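A.B. asks: Provided herewith is a single structure, encoded as structure tokens, for subsequent inquiry.
Read-outs: derived from the displayed coordinates by stated rules, not from any lab. Quick caveat: nothing in here was measured; it's all calculated off a predicted structure. Here the Cβ is made from the backbone with ideal geometry for all residues, glycine too, and neighbour counts use every protein chain on show.
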Amino acid sequence: MSRADLHDRLSYALAYVRGRTDAPPRVGVVLGSGLGGVAGRLADAVVLPYEQIPEFPVSRVAGHPGRLVIGDLPGTDGPVTAAVLQGRVHGYEGWSALDVAFGARVLCLLGARVLVVTNAAGAVNPDLALGDLVRIEDHLNLSGQNPLTGPNDERLGPRFPDLTHAYDPALGARLEATAGRLGIKLRHGVYACMAGPSYETPAEIRMLRTLGADVVGMSTVPEVIAARHMGVPVVGVSLVTNFAAGVGATPLSHDEVSAVAAREGERLGTLLAAFLGGLRI
């Protein structure tokens, strides 16, 4: 997908989605590996497979169902309409960062006033345990790609967006307060985005720890950059599904990631549902 026609391609996708539901979402959610079950909490849901949406990139990675689900969550002031991406595409599949961020841009253009990003991540910080939820307070983009590379479209956002608060501090505080009320343990830390698809070496993990990373993965950052480019605030959560190389003693595998996500993802779903239902936006 070239940058020159990005706006037109987004318009095609939006026209298709709006032709199948007239419910404007107030929040957008991107669900990572094995976490697609969160979308099952939506009432009166409209389900749109990515294959059916014009111009929409389609993932072929296990654990990413590849569906846009739009429906309602119970809220303190009435139902909250959410648009949820069940799965995402990745740079390691051959997609550009522009493509990787496409789904997040669609959510923002549909009307989402907040974007929630989630992912399955490896623990770089040895104090983290499998199943821990980590609020992302900042990131390191070590993927070598940025979705804003190339000519800028001012209709989407400014040439040089500020990422001082890539993850909104006020939303992060509200997420932590929600976790506290629910009795859900929520850590916080820095997410490092690597290119993948190979897992990192022990030396790379030592580098990431030196740089200040707590968790590592192969996604999320392009979506965050695109949302902030469009002026939409972001809150992010990582689910620790494996110990990074050199931190744990067992070999790394995607099957392990998917299994832990399936086993522990319900807590994340409970947290997000309560958090989003309490937003006044």
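A.B. asks: Which value at 222 nm does the chain reach when only helices count, each DSSP H run of 4 or more adding -39,500 (n - 2.57), with the total divided by all residues and rounded to the nearest 500 deg cm²/dmol? Mind showing how you got there, number by number?
C.D. replies: Values: 7 runs with 83 residues, N = 281.
Computed mean residue ellipticity for the chain: -9000 deg cm²/dmol.
A.B. asks: When ranked by the protection proxy of mean other Cβ atoms within 10 Å per residue, highest first, what sequence do the peptides 124-136, 26-38, 104-116 form?
C.D. replies: Working: 124-136: 19.2, 26-38: 25.5, 104-116: 23.2.
Per-residue Cβ counts within 10 Å, averaged per peptide and sorted highest first, yield 26-38, 104-116, 124-136.
A.B. asks: Here's something else I'd like to know. With θ set to phi - 60° and the Karplus curve 6.51 cos²θ - 1.76 cosθ + 1.60, what are the ³J(HN,Hα) couplings of the range 106-121 in order, to the nearest whole Hz, using x for Gly and Pro?
C.D. replies: 4, 4, 5, 6, 5, x, 4, 9, 9, 10, 9, 10, 10, 7, 8, 9
A.B. asks: Scan around Val114 for amide H atoms under 5 Å from its own, H built in the peptide plane at 1.01 Å from N, and keep only partners 5 or more places away or cross-chain.
C.D. replies: Sorted by chain and number, the residues that satisfy this are Gly28.
A.B. asks: Hey, another quick one. Provide the packing ranking of 229-238, 92-101, i.e. peptides ordered by the mean count of other C-beta atoms within 10 Å per residue, highest first.
C.D. replies: Put in order of decreasing packing, that is 229-238, 92-101.
A.B. asks: Okay, moving on. If you take mean projected area of the Cα convex hull in nm² from the coordinates, which of (i) 27.3; (ii) 17.2; (iii) 13.3 do you get?
C.D. replies: Of the labelled values, this structure produces (iii).
A.B. asks: Over the chain, what relative contact order in percent results from Cα pairs under 8 Å that are six or more residues apart? Spell out each step's value before the answer.
C.D. replies: Numbers: 605 pairs, mean separation 73.0, N = 281.
Result for the chain is 26 percent.
A.B. asks: Antiparallel as a % of all DSSP beta bridges within the range 1-114, to the nearest 5?
C.D. replies: In the range 1-114, DSSP labels about 65 percent of beta bridges as antiparallel.
A.B. asks: Okay, next question. Taking amide hydrogens as modeled 1.01 Å from N in the peptide plane, which residues meet the under 5 Å criterion relative to Ala245, leaving out close sequence neighbours?
C.D. replies: It is Glu200, by chain and number.
A.B. asks: Write down the percent of antiparallel bridges among all DSSP beta bridges whose residues are both part of the chain, to the nearest 5. Intermediate results must be reported in sequence, preceding the final value.
C.D. replies: On the way: 18 of 49 bridges.
DSSP beta bridges in the chain are roughly 35 percent antiparallel.
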